[in-house]
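S.K.: My questions will all concern the structure given below.
The values are calculated or read from the model by the stated rules, or taken from the named source; none is laboratory data. Since the model is a prediction, treat every value here as computed from it, not as a measurement. Cβ coordinates were reconstructed from backbone atoms using ideal geometry, including for glycine residues, and neighbour counts include every protein chain displayed. Calculation scope for accessible area: heavy atoms of the full protein, side chains included, ligands and nucleic acids excluded. Shrake-Rupley method; radii C 1.70, N 1.55, O 1.52, S 1.80 Å.
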Amino acid sequence: MAISDYEVDLSDEEREICETVHRFAEEVMRPAGKELDALEDPADVIAPGSVLYDVFKKYQSLGIDQVSMAGTDLTPAQQARIRCITAEEMGWGDAGLAISLGVSGFPRMLAGLSGNPELVERVSAEDRIGCWPITEPDHGSDLIYYLKHSADVPGTPNCTAVKEGDDFVIRGQKSAWVSNGTIATDAALFCSVDMGDGKQGSAAFVVPLDVPGVTRGKPLDKLGQRALNQGEIFFDEVRVPADHMVINSDMMSFGADMVLSAANGGMGSIFVGVAQAALDLALDYAKNRVQGGVPIMEHQSVKGRLFTMFRKVEAARALNRRAIHTNTLQAPARLEMAIASKVTSTNTAFEVASEALQIFGGNGLSREYPIEKILRDARASMIEDGCNEVLGLVGAERL
Ligand SMILES: Cc1cc2nc3c(=O)[nH]c(=O)nc-3n(C[C@H](O)[C@H](O)[C@H](O)COP(=O)(O)OP(=O)(O)OC[C@H]3O[C@@H](n4cnc5c(N)ncnc54)[C@H](O)[C@@H]3O)c2cc1C
């Protein structure tokens, strides 16, 4: 059943978008995610001929622009709802691929702030793949603070852009955790900046990665979201024009709020979809698995556990819809709402997937069944884009 089947008042245009994305999630993302997850060597995920590239191409051919909703007649409120439903569907399809496709739009989103049409055009071309490098070898969770309070850089940054004449020169590296880092053509780079006049802080740049001085690390091998390629990006004297800095130090606190709100809200939607996937699978299994002469759904405790899972998914969904609605319709974004949604959805996805695995019994542990993969995917999300407990501290600053 598609997620939009539960919506009572979708317009024809909204319903058509939802159905298109549901088909894509079911027919393209599910099988591709399973295939990529099973690959032993993460280098094979990005090897020429990998199904990953078919997923990108087919997604682009849908013409659904999650970033701008360009080409639709939707009101802002409708756009907010469609963003949620389509991202949920994609998470339902495959978490790692949903993140890969979602983060790919980040350089385009940032380029929109530059006022430079050529840059926007360059990063919007069909064959471009984006990434969002923030995390550094010596800086993880602390970078969330570091971005928001740009004067208080803790320790030494591993990646710095220095103003030299009309350009910035980028030196250093980002960590192995950069999603799409091994294949991206463009980066929405958040890093330390030195304006050459003694003024330091942090800033955001759009950096085309097909320029001299950019090299990559090897693909990261990890527990979950294995379809999501990740790897280091090294910058050796990488020169970009000054107008590629799209958020300067003075605007960084505001800019970080905006980008983190978009990212956390999107994560909230995707992991509602992951939780829904686990619930759907558990329900189906419980109705069909006959043990002791009856389907296990007939056991009261199984029924009760499934209802608790349903209740948690709907609660996470309601919070996500409210967070995205608020942050689409009003500025500045309320980061605490987006964080509340990210933390709730990812914790819910993990809890529901864990309970679903329990309902599958021994089969839940088997790689022949889909549930152990969903549990691994959900586990990764509690660290992704900031550990949940640290995000909670950032959100608390707003209360
Ligand atoms: C699937 C996935 C995708 C990712 N994608 C990207 C990406 O696209 N781009 C990118 O740049 N990064 C990405 N990351 C990296 C991610 O944002 C970092 O892993 C995360 O911010 C945590 O940083 P860390 O791993 O260095 O952990 P650390 O910051 O070293 O934290 C380790 C532990 O210490 C705790 N801790 C740290 N500081 C505090 C504190 N102040 N108070 C209390 N506890 C604290 C944490 O909660 C955690 O339990 C991704 C990560 C994952 C798992």
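S.K.: With respect to residue 95, is the statement that it is under 23 Å from residue 133 (Cα atoms) and touching a Gly at 6+ places or on another chain (Cβ under 8 Å) true?
M.R.: Yes: the conditions hold for residue 95.
S.K.: Let me ask something else. Give me the pairs: first residue in region 106-118 and farther than 16 Å from residue 209 by Cα, second residue open to solvent by 70 Å² or more (accessible area, probe 1.4 Å) and charged (D, E, K, R), beta-carbon distance under 8 Å, and six or more apart or on different chains, which are they?
M.R.: Between residues of region 106-118 that are farther than 16 Å from residue 209 by Cα and residues that are open to solvent by 70 Å² or more (accessible area, probe 1.4 Å) and charged (D, E, K, R), the close pairs are 114/243; 115/243; 116/243.
S.K.: While we're looking at this one, here's another question. Test each condition in (1) more than 29 Å from residue 315 (Cβ to Cβ); (2) open to solvent by less than 50 Å² (accessible area, probe 1.4 Å); (3) touching a residue at least 60 places away in the same chain (Cβ under 8 Å) for residue 50 and report the one that comes out false.
M.R.: (3)
S.K.: Given the residues 397, 389, 368, which is the only one that is open to solvent by 30 Å² or more (accessible area, probe 1.4 Å), more than 17 Å from the chain's Cα centre (by Cα) and away from the ligand (no atom under 14 Å from the Cβ)? Quick ask: steps written out before the conclusion?
M.R.: Numbers: 397 fails: away from the ligand (no atom under 14 Å from the Cβ); 389 fails: away from the ligand (no atom under 14 Å from the Cβ).
None of the others qualify; the one that does is 368.
S.K.: Where residues in region 253-312 are farther than 30 Å from residue 329 by Cβ and of a type in the set (Asp, Glu), which of them is modelled with the lowest pLDDT? Even if it seems obvious, please write down each step before you answer.
M.R.: First, pick out the residues of region 253-312 that are farther than 30 Å from residue 329 by Cβ: 278, 280-309.
Applying the additional criterion that residues be of a type in the set (Asp, Glu) yields 280, 284, 298.
Numbers: 280: 98, 284: 98, 298: 95.
Per the criteria, the residue is 298.
S.K.: Can residue 351 be described as modelled with pLDDT of 95 or more and not in a helix (DSSP H, G or I)? Break it down stepwise before answering.
M.R.: Numbers: modelled with pLDDT of 95 or more: yes; not in a helix (DSSP H, G or I): no.
Spelling it out, it is not the case that residue 351 is modelled with pLDDT of 95 or more and not in a helix (DSSP H, G or I).
S.K.: Continuing with the same structure: Looking at region 92-142, what helices (runs of 4 or more DSSP H) fall wholly within it and have at least 3 residues that are open to solvent by 20 Å² or more (accessible area, probe 1.4 Å) and out of contact with any strand residue (DSSP E or B) (no Cβ under 6 Å at 6 or more places or on another chain)? Talk me through it step by step, then tell me what you get.
M.R.: Values: elements: 95-103, 106-111, 117-124.
Counting at least 3 such residues, we get 117-124.
S.K.: Among residues belonging to region 213-255 that are within 13 Å of the ligand (Cβ to nearest atom) and of a type in the set (A, V, I, L, M, F, W, C), point out the one that is nearest to residue 387 (Cα to Cα).
M.R.: Among residues in region 213-255 that are within 13 Å of the ligand (Cβ to nearest atom) and of a type in the set (A, V, I, L, M, F, W, C), the one nearest to residue 387 (Cα to Cα) is 223.
S.K.: Do you know which of the residues in region 158-168 that are in contact with a Ser or Thr (Cβ under 9 Å, 6 or more places away or on another chain) and under 16 Å from residue 209 (Cβ atoms) is surrounded by the most Cβ atoms within 10 Å (Cβ to Cβ)?
M.R.: By that ranking, first place goes to 161.
S.K.: Can you name the number of the only condition in (1) out of contact with any helix residue (DSSP H, G or I) (no Cβ under 8 Å at 6 or more places or on another chain); (2) within 16 Å of the ligand (Cβ to nearest atom) that residue 382 fails?
M.R.: (1)
S.K.: Among the residues of region 71-91 satisfying the criterion of being open to solvent by 10 Å² or more (accessible area, probe 1.4 Å) and charged (D, E, K, R), which is farthest from residue 6 (Cα to Cα)?
M.R.: 73
S.K.: Then there's this: I need every pair where a residue in region 387-398 that is over 10 Å from residue 342 (Cβ atoms) has its Cβ under 6 Å from the Cβ of a residue that is at pLDDT below 95 and within 10 Å of the ligand (Cβ to nearest atom), sequence separation at least 6 or different chains.
M.R.: Correct list of pairs: 387/141; 390/141; 394/144.
S.K.: Just need a number here: residues in region 210-257 that are among the hydrophobic types (A, V, I, L, M, F, W, C) and open to solvent by less than 20 Å² (accessible area, probe 1.4 Å).
M.R.: 9
S.K.: Continuing with the same structure: It is to be established whether one or more residues within region 260-270 are over 12 Å from residue 360 (Cα atoms) and open to solvent by 40 Å² or more (accessible area, probe 1.4 Å).
M.R.: yes
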